[in-house]
Every structure is written in structure tokens, then in C-alpha cells.
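For reference, the structure is listed below as C-alpha cells.
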Amino acid sequence: MQHHFYAYMARMKLIKRWGLRHNTREENDQEHSLQVAMIAHALATYRNRRYGGSVDVETVLLYAIYHEAAEVITGDLASPIKYFNPGIRDAYKAIERMASQKLMEYLPADFQEAFQPLLFPDEESYEWRIVKAADRISAYVKCLEEYAFGNREFLTAQENIRASISQMNMPEAEDFMREFAPSFMLPLDALN
């Protein structure tokens with residue numbers, strides 16, 4: 001029997017992000033998910049090494065890899081629409097749950113138990129909280145990169161996202177913002 005899960009996951013590269021904003025360079029869900037995984041790994045490392053945490057790094061990485069999986073079915077709904085009001089937000093969450101359930105059906109039966117926590121993560125866990133912070137930081141980095149290329153379209157988003165990261169009250173996120181985020185504004189020659 002054939003299973004379609006990974007064929008769907010390969011379509012993450014076709015899901016464009018930031019649809020309501022002019023982009024100097026388009027970003028897709030697949031590259032975004034890799035960046036979120038790298039940032040989440042850094043945040044988990046900060047938590048465990050600097051703040052005495054016991055975050056499960058493997059769980060963080062797997063959550064990050066699959067955090068946009070449902071969008072291969074739903075597409076990416078722009079944040080101003082997705083969070084416009086509680087009714088739209090809740091309806092979209094229900095649609096995402098249905099999409100994740102459909103993705104589960106594309107897996108062999110003996111894989112489904114292993115993928116259940118990846119497609120339906122424990123949203124109360126610290127591991128998920130780290131992924132959400134990494135997702136916000138990735139969005140912030142996109143804003144920095146766009147601004148560095150002269151695109152002012154992302155300025156308001158940059159300010160709002162920075163404020164939302166601060167409101168998360170996660171010292172590991174603030175460490176990343178201080179120690180790594182500024183470099184995203186620099187050209188390659190300045191990184192050497």
C-alpha cells in the first residue's frame with residue numbers, strides 16, 4: 001500500500017509565507033521550518049545550559065520540523081487575518097486540527113502513534129513554548145532581512161513581533177535576540 005504523508009511534506013516548499021506583504025525574497029514553509037528548528041535548538045541549548053532546564057531537545061526539534069505541517073492542506077493564512085478576532089482564530093485552529101488528522105491518515109497505521117505528538121503537540125509543554133518562541137524569532141529575522149534590503153513593508157510587523165517576543169518572558173529568547181539577531185542585518189562581508 002502507498003502512503004502519501006511525505007509527498008505532502010515535500011509540498012511545504014510550495015507554501016509561501018507573508019502573502020499580504022511585498023517581499024524582496026519569498027519565503028516558504030519548508031525553509032521557515034528549518035530555520036525554526038535551528039533557532040529552537042539554540043533556545044533549548046540556552047535553557048538547558050544557562051538556565052538549568054531539562055528541555056527534551058529531540059522533542060523541540062521534531063515539533064519545530066512539523067509545526068507548519070497542516071499548512072500543506074490549509075495553505076498559510078496571513079496573521080492579520082488569522083488573529084483578526086477570536087471567532088476566526090478558533091475556526092482556523094479547528095481547520096488546522098482537521099488537516100493534521102488528514103495527514104495522520106496518510107501514514108501507515110504503525111507510524112501513527114509516533115507521529116501523533118508531532119501533528120498534535122502538547123501545547124502546554126515547555127518544548128512547544130520554545131518552538132513558538134523560535135517561530136516568532138524566525139518571523140522577526142525575516143523582518144530584519146527585508147529591512148536590510150530596503151523594504152520598509154515589514155517595519156510594523158518587526159516592532160509587533162519584537163514586542164511579542166518580549167512578552168513571552170523567556171530569557172533564552174532574549175539571549176538569542178541579543179547575541180544572534182543583530183547579525184541578520186549585516187552583509188556577508190561584515191560577518192567575517
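The values are calculated or read from the model by the stated rules, or taken from the named source; none is laboratory data. These numbers were taken from a predicted model, which means no experiment stands behind them. Glycine gets a Cβ as well: all are built from the backbone with ideal geometry, and neighbour counts include every protein chain shown. The area values use the complete protein model at the heavy-atom level, side chains included, leaving out ligands, DNA and RNA. Shrake-Rupley method; radii C 1.70, N 1.55, O 1.52, S 1.80 Å.
Checking the structure you have, find out if any residue of the range 170-189 is touching a Cys at 6+ places or on another chain (Cβ under 8 Å) and over 22 Å from residue 47 (Cβ atoms).
no
So which of 4, 32, 41 is of a type outside the set (Phe, Trp, Tyr), surrounded by fewer than 18 Cβ atoms within 10 Å (Cβ to Cβ), within 30 Å of residue 126 (Cβ to Cβ) and at pLDDT 95 or above? I'd like the intermediate steps shown before the answer.
Numbers: 4 fails: within 30 Å of residue 126 (Cβ to Cβ); 32 fails: surrounded by fewer than 18 Cβ atoms within 10 Å (Cβ to Cβ).
Step by step, each of 4, 32, 41 is checked, and only 41 is of a type outside the set (Phe, Trp, Tyr), surrounded by fewer than 18 Cβ atoms within 10 Å (Cβ to Cβ), within 30 Å of residue 126 (Cβ to Cβ) and at pLDDT 95 or above.
Just one of the numbered conditions (1) within 28 Å of residue 102 (Cβ to Cβ); (2) not in a helix (DSSP H, G or I) is not true of residue 52; which one?
The number of the failed condition is (1).
Scan the range 164-187 and report the pairs whose first residue is part of a helix (DSSP H, G or I) and whose second residue is among the small types (Gly, Ala, Ser), with Cβ atoms within less than 7 Å and a gap of 6+ or a chain change.
These pairs meet every condition: 165/133; 165/173; 173/133; 176/42; 185/148.
On the given criteria, is residue 26 acidic (Asp, Glu), free of Cβ contacts under 8 Å to residues at least 12 places away in the same chain and open to solvent by 50 Å² or more (accessible area, probe 1.4 Å)?
yes
Under the condition of being touching a residue at least 60 places away in the same chain (Cβ under 8 Å) and within 16 Å of the chain's Cα centre (by Cα), which residue from the range 134-152 is most open to solvent (accessible area, probe 1.4 Å)?
Just the residues of the range 134-152 that are touching a residue at least 60 places away in the same chain (Cβ under 8 Å), to begin with: 134-135, 137-138, 141-142, 145-146, 149-151.
The next check asks that each one be within 16 Å of the chain's Cα centre (by Cα); those that pass are 134-135, 137-138, 141-142.
On the way: 134: 0, 135: 27, 137: 0, 138: 1, 141: 0, 142: 7 Å².
Checked the range 134-152; the qualifying residue most open to solvent (accessible area, probe 1.4 Å) is 135.
Being charged (D, E, K, R), touching a strand residue (DSSP E or B) at 6+ places or on another chain (Cβ under 6 Å) and open to solvent by 60 Å² or more (accessible area, probe 1.4 Å), is that true of even one residue in the range 52-66? First the steps, then the outcome.
Taking the range 52-66 first, the residues charged (D, E, K, R) are 56, 58.
Remaining after also requiring touching a strand residue (DSSP E or B) at 6+ places or on another chain (Cβ under 6 Å): none.
Among the residues of the range 52-66, not one is charged (D, E, K, R), touching a strand residue (DSSP E or B) at 6+ places or on another chain (Cβ under 6 Å) and open to solvent by 60 Å² or more (accessible area, probe 1.4 Å), which makes the answer no.
Within the range 93-110, which residues are out of contact with any Ser or Thr (no Cβ under 8 Å at 6 or more places or on another chain) and without any contact (Cβ under 8 Å) to a residue 60 or more places away in the chain? Step through it out loud before you land on a result.
Step one: filter the range 93-110 for residues out of contact with any Ser or Thr (no Cβ under 8 Å at 6 or more places or on another chain), giving 93-94, 97-98, 100-110.
Selection gives 93, 94, 97, 98, 100, 101, 102, 104, 105, 109, 110.
Which residue out of 161, 88, 95 is over 30 Å from residue 2 (Cα atoms), touching a helix residue (DSSP H, G or I) at 6+ places or on another chain (Cβ under 9 Å) and open to solvent by 20 Å² or more (accessible area, probe 1.4 Å)? Quick ask: steps written out before the conclusion?
Numbers: 161 fails: open to solvent by 20 Å² or more (accessible area, probe 1.4 Å); 95 fails: over 30 Å from residue 2 (Cα atoms).
Being over 30 Å from residue 2 (Cα atoms), touching a helix residue (DSSP H, G or I) at 6+ places or on another chain (Cβ under 9 Å) and open to solvent by 20 Å² or more (accessible area, probe 1.4 Å) holds for just one of 161, 88, 95, which is 88.
Would you say residue 32 is outside any loop (DSSP other than H, G, I, E, B), closer than 25 Å to residue 157 by Cβ and in contact with a Lys or Arg (Cβ under 9 Å, 6 or more places away or on another chain)? Walk me through how you get there before you give the answer.
Working: outside any loop (DSSP other than H, G, I, E, B): yes; closer than 25 Å to residue 157 by Cβ: yes; in contact with a Lys or Arg (Cβ under 9 Å, 6 or more places away or on another chain): yes.
Here the answer is yes, as residue 32 does meet what is asked.
Evaluate the range 123-133: report whether one residue or more is on the phi < 0 side of the Ramachandran plot, within 18 Å of the chain's Cα centre (by Cα), among the acidic types (Asp, Glu) and open to solvent by less than 50 Å² (accessible area, probe 1.4 Å).
Initially, the range 123-133 is screened for residues on the phi < 0 side of the Ramachandran plot, giving 123-133.
So of that shortlist, the ones also within 18 Å of the chain's Cα centre (by Cα) come out as 123-133.
With the extra rule that they be among the acidic types (Asp, Glu), the set shrinks to 123-124, 127.
Right, trim to open to solvent by less than 50 Å² (accessible area, probe 1.4 Å) and you get 127.
Yes - at least one qualifying residue is present in the range 123-133.
Quick one: which of 155, 119 is within 24 Å of residue 31 (Cβ to Cβ) and over 15 Å from the mean Cα position of the chain (by Cα)? Step through it out loud before you land on a result.
Working: 119 fails: over 15 Å from the mean Cα position of the chain (by Cα).
Just one listed residue meets the conditions, 155.
If I ask for residues that are farther than 24 Å from residue 188 by Cα and among the small types (Gly, Ala, Ser), which ones from the range 143-163 would you list?
157, 163
With the requirement that a residue be under 22 Å from residue 55 (Cα atoms) and of a type in the set (Phe, Trp, Tyr), what does the range 155-192 give you?
Matches in the range 155-192: 176, 180.
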